[in-house]
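Only one structure is covered here, and it is reproduced in the block below.
The values are calculated or read from the model by the stated rules, or taken from the named source; none is laboratory data. Predicted, not measured: the structure shown is a model, and the values here were computed from it. Here Cβ is always computed from backbone atoms with ideal geometry, including for glycine, and neighbour counts include all displayed protein chains. With ligands, DNA and RNA removed, areas are computed over all heavy atoms of the protein, side chains included. Shrake-Rupley method; radii C 1.70, N 1.55, O 1.52, S 1.80 Å.
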Amino acid sequence: MNNGSNWRNRELRQHVKVVDGLVAPTLVLKNSTYLNVYTKQWLEANIWIFNDRIIYVGEQLPKQLKDVEVVDCTGKYLVPGYIEPHAHPFQLANPEALAFHAATFGTTTLVNDSLTWNLLLDKKKAFSIIEEFNKLPVSMYWWARFDSQTALHDEEELYNTPDVLSWLSHPNVVQGGELTAWPSLLAGNDRLLYWIQEAKRLGKPVEGHLPGASEKTLTKMKLLGVSSDHEAMTGEEVLRRLRLGYSAALRYSVIRPDLPILIEEILESGLKNFDNLMLTMDGPTPAFMQKGIINVCLEIAIEKGIPLEEAYRMASYNAAKHFQLDEQIGSIAPGRVAHINILTDKANPHPESVLAKGQWIVQEHQVQEGESMINWDKYGIGPATFDWDLDEGDLQFSVPLGLEMVNNVIVKPYSIEADINVNDLSGTNGDQFLLLMDLQGTWRVNTTIRGFAPNLGAIASSFSASGDIVFIGKNKKDILLSWQRLKEIGGGIVLVHDGEILAEIPLQLGGFISKKSIENLIIEEEKLKNYLKDFGYAFSDPFYSILFLSATHLPFLRITQQGLVDIKNRTILFPATMR
């Protein structure tokens, strides 16, 4: 199987022979009513498929039907497989588990962030594994990252021109970005500008990351080559992007579930053209996507009044066209990859059957079992190992500035008034110890945090934006116990209170992602979240809160490999301490 761009000449000739009746198709969907995304009409047709490709869409039935699977679609409605244009496939789950789960609900193509490959693998292994993902029935495409969205010690080494250009040139890579380092671009970073121009020269769009951007900033970024953005938080911000020539992905995410309001406001404005709009969940954690991904967004879009044909185009063809993949995916037409969703009703976007690359993922609500195709051991991706130990000497806290949570992911600085030269912070105003440790145990950053889960003994997490270990807690003994358990399970998330291990999520792949299915991860995730709520966590997603503590694309203060960073002024307030 492939992603639809490299069928061999022999295969192409065979496809033509299917039309001529010399070779039988492998599957026929007869008496279908399908959405033609080009004419925006529901048309009746028989659809012939040969292996992973749509061969014919029209009135005829094939001459040869011996050994052909024929499915009568009378009374059913067929739409293209849905496309997630902005996937973060490493949110506890691994990309293969995500792909299978997404496909069971009709999302058969994902355009994926590659950031974790950059952290886990060298370029050769990274390219090898993304090519191995071509074996999946789901189409998996990737981004070429230009920045790490944190402050790494080796940022210049990790993101260098030869490697970035190699990523951009890879056939499975369809865009540059997302560009979280856009302030650096505006400040004169010509290396970033060169990479953007190379992406455009290769015909690949560049995605921005522009929350709250003014018309002036959006205009500057358009002049510098940014093609699209997914950060609009109001209808007016969507319209501003469309007017300036951007493609805009409307977001329904665990920390920004804005989609219903966005649609209400753009429809109230009188918008009639939806050609440059897409839909995204922007990297959901497992529990948020329990009922699917783009199908959930589609349900909202339809309920809020987007015309049916336009809604399905937003979920498929618009994204394909944006990435210049419309000759391969995003429609039901000859030559396209056989990604097809079969619906019981036009207005119900949750499919009863799903085809991905011509294979049944779901047939009449029955999920078809599939085997794992990614050999993680081949790439040396296994449990994290640690040849060092955390001790009481690492739990020395003296900086006067801490991080106070404003919401899921925004933190602001606060002056520490409590005595933090103690072993337990139970008597303080919600203060907890916060420690960021290098995976190799070579440096640490010590401060405090307020507003996470103020009554909690400790949580340890190797799931973080920088790939380092985050410790949060009010009790130093619990922090040390959480470390010991984290070390035993090879990385993950461990919750401890009063000397007892209450919950854990083992992340067996690099200490960052799990080998488990989405369904099993949801159970672990919900258990840990419920405990955190009991201990005072007041927001919606603690995993994003932990993940983004070191993310420098968010205000106002961040804990990073380089130390405590003032985001607005781009200065290191307190540097990391070498051990």
In segment 394-424, anything hydroxyl-bearing (S, T, Y) and touching a residue at least 24 places away in the same chain (Cβ under 8 Å) is listed as S398, Y414
Residues being outside any helix (DSSP H, G or I) and either crowded, with 22+ Cβ neighbours inside 10 Å or in contact with a Lys or Arg (Cβ under 7 Å, 6 or more places away or on another chain) (or both) - total across segment 114-135 | 1
Scan segment 35-71 for residues that are aliphatic (A, V, I, L, M), open to solvent by 50 Å² or more (accessible area, probe 1.4 Å) and closer than 11 Å to V19 by Cα and jot them down.
-> L61
Could you figure out which of (1) under 19 Å from Q359 (Cβ atoms); (2) under 27 Å from the mean Cα position of the chain (by Cα); (3) of a type outside the set (V, I, T); (4) open to solvent by less than 10 Å² (accessible area, probe 1.4 Å) isn't true of S32?
-> (2)
Would you say V411 is over 27 Å from I489 (Cα atoms), of a type in the set (A, V, I, L, M) and open to solvent by 40 Å² or more (accessible area, probe 1.4 Å)?
-> no
When you look at I501, is it free of Cβ contacts under 8 Å to residues at least 60 places away in the same chain and of a type outside the set (K, R), yes or no?
-> yes
Please tell me if F397 is among the aromatic types (F, W, Y) and touching a strand residue (DSSP E or B) at 6+ places or on another chain (Cβ under 6 Å).
-> yes
So, in segment 449-485, of the ones that are of a type in the set (S, T, N, Q) and open to solvent by less than 20 Å² (accessible area, probe 1.4 Å), which residue ends up farthest from the chain's Cα centre (by Cα)?
-> S482
Pairs, first farther than 15 Å from D154 by Cβ in segment 111-130, second of a type in the set (S, T, Y) and not in a helix (DSSP H, G or I), C-beta under 8 Å, six or more apart = V111/Y141; N112/Y141; A126/S114; I130/S114
Boolean, E264 is of a type in the set (D, E) and either over 26 Å from W142 (Cβ atoms) or open to solvent by less than 10 Å² (accessible area, probe 1.4 Å) (or both) = yes
Over segment 486-497, the set of residues closer than 22 Å to E526 by Cβ and either more than 28 Å from the chain's Cα centre (by Cα) or among the acidic types (D, E) (or both) is V496, H497
Within segment 290-312, can you find the residues that are of a type in the set (G, A, S) and either open to solvent by 40 Å² or more (accessible area, probe 1.4 Å) or in a helix (DSSP H, G or I) (or both)?
-> A301, G305, A311
Restricting attention to segment 76-99, and to residues there that are in contact with a strand residue (DSSP E or B) (Cβ under 8 Å, 6 or more places away or on another chain) and in a helix (DSSP H, G or I), which single residue is farthest from V174 (Cα to Cα)?
-> L98
Six or more apart or on different chains, Cβ under 7 Å: which pairs go from a residue in segment 425-446 that's of a type in the set (S, T, Y) to one that's surrounded by 21 or more Cβ atoms within 10 Å (Cβ to Cβ) and at pLDDT 95 or above? Could you list them?
-> S426/K474
Hits in segment 118-147 - residues which are closer than 18 Å to S169 by Cβ and among the charged types (D, E, K, R) | D122, K123, K124, K125, E131, R145
What helices (runs of 4 or more DSSP H), lying completely within segment 143-210, carry at least 1 residues that are in contact (Cβ under 8 Å) with a residue 12 or more places away in the chain, within 24 Å of K125 (Cα to Cα) and in contact with a strand residue (DSSP E or B) (Cβ under 8 Å, 6 or more places away or on another chain)?
-> 161-169, 190-201
Can you name the residue in segment 345-381 that is out of contact with any strand residue (DSSP E or B) (no Cβ under 6 Å at 6 or more places or on another chain), among the hydrophobic types (A, V, I, L, M, F, W, C) and in a strand (DSSP E or B) and is also nearest to V28 (Cα to Cα) among such residues?
-> W360
Out of curiosity, is I342 out of contact with any helix residue (DSSP H, G or I) (no Cβ under 7 Å at 6 or more places or on another chain), touching a residue at least 12 places away in the same chain (Cβ under 8 Å) and either open to solvent by 20 Å² or more (accessible area, probe 1.4 Å) or not in a loop (DSSP other than H, G, I, E, B) (or both)?
-> yes
For segment 3-29, the count of residues that are among the small types (G, A, S) and surrounded by 14 or more Cβ atoms within 10 Å (Cβ to Cβ) equals 2
Picking from F556, F535, which residue would you name as being over 17 Å from D438 (Cα atoms) and touching a Pro at 6+ places or on another chain (Cβ under 7 Å)?
-> F556
Every pair of residues 6+ apart whose Cβ atoms lie under 6 Å, when the first sits in segment 51-65 and is of a type in the set (F, W, Y) while the second is in a strand (DSSP E or B) and buried (at least 21 other Cβ atoms within 10 Å of the Cβ) | Y56/W48
So which residues in segment 232-249 are without any contact (Cβ under 8 Å) to a residue 60 or more places away in the chain and crowded, with 20+ Cβ neighbours inside 10 Å, if there are any at all?
-> A232, G235, E237, V238, R241, Y246, A248
